[in-house]
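**Q** Let me begin by handing over the structure; questions about it come next.
The values are calculated or read from the model by the stated rules, or taken from the named source; none is laboratory data. In this text, all values refer to a predicted model and were calculated from it rather than measured experimentally. Virtual Cβ from ideal backbone geometry, glycine too; neighbours counted across all protein chains shown.
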Amino acid sequence: MAFRETVTAKWFWWMMFCLACWGPYALLSKLGSNEISSYGMQFLFTLGSIPVVLVVLARQGFKLERSRKGIIYGLVAGVLSAAGSIGFFAAFRSGGNASIITTATGMYPVVTVLVALVFLRERITWTQVLGLGFAIVAFFIFSL
């Protein structure tokens, strides 16, 4: 029953779409970073997002968001994403292994959980703590 609910949920298919995009994104990031600088990659990454932004805007009838707080959060998230992407591309450029870099940067939810615990006062169960611990250990084993 849980499997059926999961695969019929809208979030599941959006997540699958994300995975289908981010897998090749990481591979192309490594290949591109072997050829050009991390700053060049970031510029082209941003340029490449313009068609997606235009499609999204067109679907919304070119209506912009109005929540000032939401806009600020979105802009700060964009700045952090761009800065993080430069680090991602630079890690590839400096000769890092694509599978290790992608796995390590994929551990960002651990940081999100810690920040949510401290700043949002969210609670997690011991099972979830154990899962985070296993994820961290798995990263170290994977990087050997």
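Every residue, every condition in (1) touching a Lys or Arg at 6+ places or on another chain (Cβ under 9 Å); (2) basic (Lys, Arg); (3) more than 23 Å from residue 132 (Cβ to Cβ), yes or no:
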position	(1), (2), (3)
31	no, no, yes
41	yes, no, yes
52	no, no, yes
90	no, no, yes
102	yes, no, no
105	no, no, no
112	no, no, no
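**Q** Taking the conditions exactly as written (farther than 13 Å from residue 38 by Cβ and exposed (fewer than 10 other Cβ atoms within 10 Å of the Cβ)), does residue 114 satisfy them or not?
**A** The answer is no for residue 114.
**Q** I need the full set of residues from the range 86-144 which are touching a residue at least 40 places away in the same chain (Cβ under 8 Å) and charged (D, E, K, R), in order please.
**A** Passing the criteria: only 93.
**Q** I've got another one for you. Hey, can you tell me all the residues within the range 1-30 that are of a type in the set (A, V, I, L, M), assigned to a helix (DSSP H, G or I) and without any contact (Cβ under 8 Å) to a residue 40 or more places away in the chain? Don't jump to the end; show me each part of the working.
**A** Within the range 1-30, the subset of a type in the set (A, V, I, L, M) is 1-2, 7, 9, 15-16, 19-20, 26-28.
So of that shortlist, the ones also assigned to a helix (DSSP H, G or I) come out as 2, 7, 15-16, 19-20, 26-28.
Of everything in the range 1-30, those that are of a type in the set (A, V, I, L, M), assigned to a helix (DSSP H, G or I) and without any contact (Cβ under 8 Å) to a residue 40 or more places away in the chain turn out to be 2, 7, 15, 16, 19, 20, 28.
Yes/no per residue for (1) surrounded by 10 or more Cβ atoms within 10 Å (Cβ to Cβ); (2) within 25 Å of residue 96 (Cβ to Cβ); (3) at pLDDT below 95:
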position: 8; (1), (2), (3): no, no, yes
position: 12; (1), (2), (3): yes, no, yes
position: 36; (1), (2), (3): yes, yes, no
position: 43; (1), (2), (3): yes, yes, no
position: 51; (1), (2), (3): no, no, no
position: 58; (1), (2), (3): no, no, no
position: 65; (1), (2), (3): no, no, yes
position: 69; (1), (2), (3): no, no, no
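**Q** Right, here's the next one. Among the listed residues 139, 88, which satisfies the condition of being surrounded by 12 or more Cβ atoms within 10 Å (Cβ to Cβ), at pLDDT 90 or above and under 26 Å from residue 38 (Cβ atoms)? Can you show your working first?
**A** Values: 139 fails: at pLDDT 90 or above.
The match here is 88.
**Q** To continue, here is another question. Consider only pairs whose beta carbons are under 6 Å apart and that are at least six residues apart or on different chains; among these, list those whose first residue lies in the range 37-58 and is in contact (Cβ under 8 Å) with a residue 24 or more places away in the chain and whose second residue is of a type in the set (Val, Ile, Thr).
**A** The qualifying pairs are 38/86; 42/86.
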